[in-house]
Structure formats: structure tokens, C-alpha cells
Amino acid sequence: MYIGNDASDTLMTLTSQAVGTVTGGTVDAGQFPSVVAYMNVTAITGTTPTANVKLQDSPDGADWYDTGVAFAQVTVAGKQRIIVSNVGQYIRAVAVVAGTGASVSAVVSVAGVR
């Protein structure tokens, strides 16, 4: 079962994202006590590139808090899955890309768990 507006479950899409911090879109997770988040990294290039992606939640969509749950640091293409329990009304992903000439392409999505 997907969550969010118009059944959209994508939190973030990175397309050749360069070094820096990116905050993804907001998904309304209010009807679910837990969510499963998926990250599919299709490409990561550069000299010692890394990507750190964490999840944040919010009771109101304005004030954001780290959930304490993050994907393992990415240095190669691949897929990961994490579960977040007791999420707030809203959830989003935040990615930090680092490394000389680093570039990352990835999708982070979420599905509700009852």
C-alpha cells in the first residue's frame, strides 16, 4: 500500500546530483504507524564519492526532526531497505553527496505498513 498524495510514494529522485545537500519532497504518512523506505542507487561516480541519506518526520510539515534512521552510506550502486516505526504525520528524505567530482543518481521511495 502506498502513501502520499495521488498514491505517489517517491520521496526523492536524484539525477546526476552533484556535491551538496538535497531535501526531498514531503509525503503524508499519517495513517500508517510505520513505513518501509527503499533506496535504489543506479549510479555513483567521482573520486571517493559518498551519499548519506536520512529520513526526517514532522507533526505539521513545517518543523522537521531526524528519525534516527538512515540508509547505510553509499559508495557504490545498489539497493537498500529500512523500516521506520512511529513516524510523524509527514516524512521526507535528506541526502548529502560528497567527494571530488561526485555525482549520484538514485530514487528513494516509501510505502506504509499497518
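The table below lists the values:
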read-out: Kirkwood hydrodynamic radius over Cα pairs of the chain, then Stokes diffusion coefficient at 20 °C and 1.002 mPa s, in µm²/s; value: 153 µm²/s
read-out: J(HN,Hα) series, the stretch 59-66, from Karplus relation 6.51 cos²θ - 1.76 cosθ + 1.60, nearest Hz, glycine and proline x; value: x, 9, x, 10, 9, 10, 9, 5
read-out: Residue-by-residue Karplus 3J(HN,Hα) for the stretch 43-55, coefficients 6.51, -1.76, 1.60, Hz, glycine and proline x; value: 7, 8, 9, x, 8, 6, x, 9, 9, 10, 10, 10, 10
read-out: Sequence-distant residues sharing a close amide H with Gly88 (under 5 Å, placed H); value: Ser58
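No value in this document is a laboratory result; all are computed from the given coordinates. Remember, predicted model here, so these are calculated numbers, not experimental data.
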